[in-house]
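Note sheet for the following structure.
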């Protein structure tokens, strides 16, 4: 039951937070209004002006990615509770609060002075606003630029502007270093990214797909019938016919998938990725969140490519 629930949550999170939602943290949007740690600060967030009177000391994060960002920009000691999916870092004060079905009374009872969500579930944004609680919505990023702008936004909102800037600079440098390790003949290699063992995947139009694009890989899902959704479900026959050079498994936790279980599926034993040992087992969470650990995701991709095309 747990594994099935985890799969539903993981796939739903990607779909719900990336279905045409707007966000102030987009590549075409300006940086957050405030550029210092002084308060009050006003942030333009999804068409609304959010004013934070004083530096928050009682933050609730209902977004696993926001939780990771908050701790990475040294705002962890300002966080009093995180949702039931925020399992990283270990010191995050996880609770039974839900980002999918948020309970207003439970949130208000904790007296937060800032709430961060990844989408507006059940009208929670209006409800929190009516309760005079500032709330930031940070929808799923579609590019690294989105990630960097969300980091800056949380830095501004929490009074950790310098730490946020440092995090962004570090991420950019580490990603550049990782990509520089790739040989020129790696460009164009085909891949399949597995979200779960029912063959849900991502296209290049998603955040996950954009990270693979940094490495010059070609996504087999881009030519699938439901590619426009961004998260198509492929058939086994489609994957076999496409015969990707590399397969990345982002369901090692939720569905206990490995290179061995993949090879045991009917028709998959002769896939190029299987016979060449080019099946990469990813951490589900690292591969599905758009925060600081995107660097780890990039490194995993690069390591996988180097097995196929050594430098």
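Read the figures in this text as sums done on the coordinates, not as results from a lab. Source: prediction; values computed, not measured. No Cβ is skipped: glycine too gets one built from the backbone with ideal geometry, and neighbour counts run over all protein chains shown.
For a protection proxy built on the mean count of beta-carbon atoms within 10 angstrom, sort 166-173, 105-112 highest first, please.
The most tightly packed comes first, giving 166-173, 105-112.
What is segment 181-308's relative contact order, in percent, from Cα pairs under 8 angstrom and six or more apart in sequence?
Relative contact order comes out at 27 percent.
Among 275, 57, 147, rank each residue by its count of other Cβ atoms within 10 Å, from fewest to most, as a rough exposure measure.
275, 57, 147
Of the listed peptides 136-146, 240-250, what is their order by residue-averaged count of other C-beta atoms within 10 Å, with the highest listed first?
136-146, 240-250
How much length would be gained if the chain were fully extended between residue 179 and residue 229, taking 0.36 nm per residue of separation minus their Cα-Cα distance, in nm to one decimal?
15.2 nm
Which percent, to the nearest 5, of DSSP beta bridges fully inside segment 181-308 are antiparallel?
Once the DSSP bridges in segment 181-308 are tallied, antiparallel ones form about 10 percent.
Quick one: work out the % antiparallel among DSSP beta bridges in the chain, nearest 5.
25 percent
In the Gaussian network model of the chain, springs joining C-alpha atoms below 10 Å, which of 218, 258, 184 carries the largest mean-square fluctuation?
Among 218, 258, 184, the largest mean-square fluctuation in the Gaussian network model of the chain belongs to 184.
What does the C-alpha gyration tensor say about the overall shape of segment 181-308? Classify as rounded when a/c is under 1.5, otherwise prolate if a/b is larger than b/c, or oblate.
Here segment 181-308 falls in the rounded category.
Highest GNM mean-square fluctuation, the chain, Cα pairs closer than 10 Å: which of 221, 130, 81?
130
For the chain, what is the relative contact order in percent, using Cα pairs closer than 8 Å and at least 6 residues apart in sequence? Mind dumping the intermediate values first?
Values: 574 pairs, mean separation 52.6, N = 311.
Relative contact order comes out at 17 percent.
Going by alpha carbons, how many degrees (0 to 90, nearest 10) lie between the helix axis of 161-179 and the longest principal axis of the chain?
10 degrees
Any idea what log10 I(q)/I(0) is at q = 0.13, 0.15 Å⁻¹ for the chain, Debye with uniform C-alpha scatterers and no solvent?
-0.91, -1.16
Helix 294-308 versus the longest principal axis of the chain: what is the Cα-based angle in degrees, 0 to 90, to the nearest 10?
10 degrees
Just check segment 122-192 against the gyration tensor rule for me: Cα atoms, a ≥ b ≥ c as the square roots of the eigenvalues, rounded for a/c under 1.5, and otherwise prolate or oblate depending on whether a/b exceeds b/c.
oblate
For the chain, take the longest principal axis of its alpha carbons; what is the angle in degrees between that and the long axis of helix 144-158, to the nearest 10 within 0 to 90?
20 degrees
Could you list 60, 43, 301 so that the one with the fewest beta carbons within 10 Å of its beta carbon is first and the one with the most is last? Before the final figure, lay out the partial values.
Values: 60 29, 43 20, 301 25.
With the sparsest Cβ surroundings first, the list reads 43, 301, 60.
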